[in-house]
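Beneath this line is the structure, given in structure tokens, with notes to follow.
The values are calculated or read from the model by the stated rules, or taken from the named source; none is laboratory data. Source: prediction; values computed, not measured. Here the Cβ positions follow ideal geometry from the backbone for every residue, glycine too, while neighbour counts run over all protein chains shown.
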Amino acid sequence: MTKKSKIDHYTDKEALDFHIGGKSGKIEVNSSKPLISKRDLSLAYSPGVAAPVKEIAKDSSRAYDYTSKGNLVAVISNGSAILGLGNLGSLASKPVMEGKAVLFKRFADIDSIDIEIDSKNTEEIISTIRNIAGTFGGINLEDIAAPDCFIIEQKLKEILDIPVFHDDQHGTAIITTAALINALDISEKKIGEVKIVVNGAGASAIACVNLFKKIGVKNENVIMCDRKGVIYKGRENVDQFKSAHAADTKLRTLEQAMKGADVFLGLSAKDVVNREMIKSMAMNPIVFACANPDPEIKPEIISEVRDDVIIATGRSDYPNQVNNLIGFPYIFRGALDVRAKIINDEMKVAAANAIALLAREEVPDEVVSAYGGERPKYGKNYIIPSTFDPRLVRIIPSAVAEAAIKSGVAKKKIDNLEIYKDQLSARLDPSMSLMQGVNAKVKKSPKKVVFAEGEDENMLKAAIEFGKNKLGTPIVIGNEKRVKETLHKIGLDENYKIEIVNSTNKDKREKYTKYLYKKLQRTGQLERDVDRLIRNDRIAFGSSMVACKDADAMVTGNIRHYAASIEKLKHVCDARKGEPIFGMTMIVFKGRTVLVADTNVEDFPSANRLVDISKSCVRVSKLFGFEPKVAFLSHSTFGKPISRNTKHVRDAIEILKNEKVEFDFDGEMQPDVALNPIYQDVYPFSKIVGKANILIMPALHSAAISTKLMKSFGGAKLIGPLLIGLDLPIEVAPLRSSTSDILNLASIAAYSADVIDYNKD
């Protein structure tokens, strides 16, 4: 059996396969300029590159204008404190640093390069970073052990004129401080009066205490503990960083310190706090148990002891997760945009206050979706904004940038902060979090989902991930012996607990045969024919499971052509009343999500069919939180050039105009007109030009070709195609879909089972 990794939901083999699949690693370098013609190459390199070289030589600040410096962060480690794994060496830290670079790009559109320095000598590390710093707009230090991390960061701040940020320290500190601000507000406690106990005296704990004191916590009201107990004045063998927070106290143990405490912050180890300690705290206490992966005390144990506690942890499966992801991408975004020389205390405090205030505002629909349809409200269980909140990229960088300008460390001014906020919002589309939101909804109401091709490696992996991620209960259809062989092949014990069903189950076979025969008996099918279908066809068996309420949803396909799967489904499934059956693909590309239809079912839809497809797309888009803007595509735009192949598209537009539907639409138009804002001044009469998020294709071939070209050559992420219009929540995975693709479809099928009333005509 494959050894389990420290990550709860995945085996080591799965994680290794993820990192080695396709291109090895998680990052690559792409050109931001076209390099197609000889002229392009001449401008990009010789001789054209000489012009910016000369300008930078005359004025070094022009490097921000002519190179990527202003949007480039170095993620640097020596591997001396990798996650919770310890000192494993610089090269071993590279997967973590690449991961950090991915997060910078995903959440703040910041380019990053990971650099691993093979040295434990602080002077060597400082010298190395100093010598390469000119390449970058900022430095993010990561996974460097204390006290070296303090020394390195402080020295670099003194000698460099770009922001240096040790996320393990300051990222944690900023988010924790934001949580503290709100927890004190809710519990009606004054920051200058609260008694705080901190367990753990590493880099993050010390940074938290430093920032707490910057916002008004009194020095004498903080007790810090390490493995040896309270750090008190006069204690021997205490380094300078700990001694700065040594308390003038007779308390010696964590247990003693906790008595009467208003706040507990843990950045230490699991189970170091017990029930009695919690009982001994002051009224309306605040407990931040942030040890990972297991907190100092589990929230459910705290709740058993008393009900007046505000609780936060470092975990996503409890309310109030202290997650650095809320901080570091956006803090760097603001610092880079004003070319800050450092990230100072004023900027950290500004970030903490911005995060705290955001949690008090009414949350947008994207967050509602992420919370399973429940609208979180500022209070004990919502003191920190959700990582799904699309406003983070707008609010935090602007607060950081403004603080940098006011404190005098910005080399570039922002004239209009409101315009800047709009520019920040435009960098990222909230729909990028679509699948996270879907999954969060599914977790609130887990479903039984059938994975029809259970012997297929990718289908089985997807089923396992579905269960491990607590999205619901996976049921795989397959021969038990073959499924176990596949389990062994993917690195799991062949006795791994997963439900396996097939037609050898006599009771189920007879039940489904009876159901399906009743449905098909007037179509020329004999009962023995139906029995044979149930015994031999996994799609028929699985979809009958869903129809008979033995499962909630199903995903199939992957080992056969899409059309073949559709034909098999038609034995069991019908179209929902008044709705066409069609394929809709979600394209996510460069911060934008677009829905495309029909990508998989009807060859050449009529005008009326296009109308029906557009209406269904609008319905589906609203389920995912989109404000629909529908463009009917063609090779022509508003009648130029006129062609018989565009007539059905133009007719569809006229039908919709006469029906006076309550959504914005227009056409016919070419795809660049629908998607690119530069055409808005050319066609000012249209509400859709440059803004479309639903593309209705004129024919199946154009839809299929364009989406697959986007995937193969454009680097877009495709979700789907989703099978719209069936009277059962079933999705079909295209031939040779990846595990992630199948998992997404399974989640969407489960989501559909929850939000769509399939019993309604």
For region 180-208, which positions are in contact with a Cys (Cβ under 6 Å, 6 or more places away or on another chain) and outside any helix (DSSP H, G or I)?
N199
Write out, first by first residue and then by second, each pair whose Cβ atoms fall under 6 Å of each other, whose residues are 6+ apart or on separate chains, and whose first residue, in region 321-346, is under 16 Å from S112 (Cβ atoms) while the second is small (G, A, S) and assigned to a loop (DSSP other than H, G, I, E, B).
L336/G137
(1) closer than 20 Å to D537 by Cβ; (2) at pLDDT below 90; (3) buried (at least 17 other Cβ atoms within 10 Å of the Cβ) all hold for K518 apart from (3)
Confirm whether I132 is at pLDDT 95 or above, not in a helix (DSSP H, G or I) and not basic (K, R).
no
Exactly one condition in (1) farther than 30 Å from A440 by Cβ; (2) among the polar types (S, T, N, Q); (3) touching a residue at least 12 places away in the same chain (Cβ under 8 Å) is not met by N458; state its number.
(1)
Of the residues in region 553-573, those that are more than 33 Å from the chain's Cα centre (by Cα) and farther than 16 Å from S752 by Cβ come to A564, E567, K568, K570, H571, V572
Could you please find all residues in region 369-389 being farther than 21 Å from A335 by Cβ, at pLDDT 65 or above and within 17 Å of the chain's Cα centre (by Cα)?
I384, S386, F388
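Here's the yes/no breakdown for (1) within 18 Å of I724 (Cα to Cα); (2) in contact with a Pro (Cβ under 6 Å, 6 or more places away or on another chain):
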{"site": "P605", "(1), (2)": "yes, no"}
{"site": "S621", "(1), (2)": "yes, yes"}
{"site": "H635", "(1), (2)": "no, no"}
{"site": "V682", "(1), (2)": "no, no"}
Screening D294, D317, D307 for residues that are in contact with a Lys or Arg (Cβ under 7 Å, 6 or more places away or on another chain) and at pLDDT below 95 leaves only D294
Those residues of region 301-318 that are free of Cβ contacts under 8 Å to residues at least 24 places away in the same chain, over 19 Å from S268 (Cβ atoms) and either surrounded by 15 or more Cβ atoms within 10 Å (Cβ to Cβ) or of a type outside the set (D, E, K, R) (or both) come to a total of 2
Taking the conditions exactly as written (surrounded by 24 or more Cβ atoms within 10 Å (Cβ to Cβ) and touching a Ser or Thr at 6+ places or on another chain (Cβ under 6 Å)), does G557 satisfy them or not?
yes
Going through K259, K279, K298, K270 one at a time, which residue ends up being free of Cβ contacts under 8 Å to residues at least 24 places away in the same chain and surrounded by fewer than 17 Cβ atoms within 10 Å (Cβ to Cβ)?
K259
How about region 77-125: which of its residues are among the β-branched types (V, I, T), within 17 Å of D168 (Cα to Cα) and in contact with an Asp or Glu (Cβ under 7 Å, 6 or more places away or on another chain)?
I82, V96
Would you pick out the residues in region 22-45 that are under 30 Å from N458 (Cβ atoms) and exposed (fewer than 11 other Cβ atoms within 10 Å of the Cβ)?
G22, K23, S24, E28, V29, N30
Selection status of R235, without any contact (Cβ under 8 Å) to a residue 40 or more places away in the chain and farther than 21 Å from D185 by Cα
yes
Condition check for L745: within 20 Å of V438 (Cα to Cα) and hydrophobic (A, V, I, L, M, F, W, C)
yes
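For region 656-715, which residues satisfy the criterion of being acidic (D, E) and over 18 Å from I587 (Cβ atoms)?
Listed by number, the residues that qualify are E659, E662, D664, D666, E668, D681.
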Screening K23, K33, K4 for residues that are basic (K, R) and at pLDDT 75 or above leaves only K33
How many of the residues in region 439-464 are over 22 Å from I756 (Cβ atoms) and either of a type in the set (S, T, Y) or surrounded by fewer than 20 Cβ atoms within 10 Å (Cβ to Cβ) (or both)?
1
Checked pairs for region 469-481, first touching a residue at least 24 places away in the same chain (Cβ under 8 Å), second among the charged types (D, E, K, R) and assigned to a loop (DSSP other than H, G, I, E, B), C-beta under 6 Å and 6 or more apart or across chains, list as G478/E455
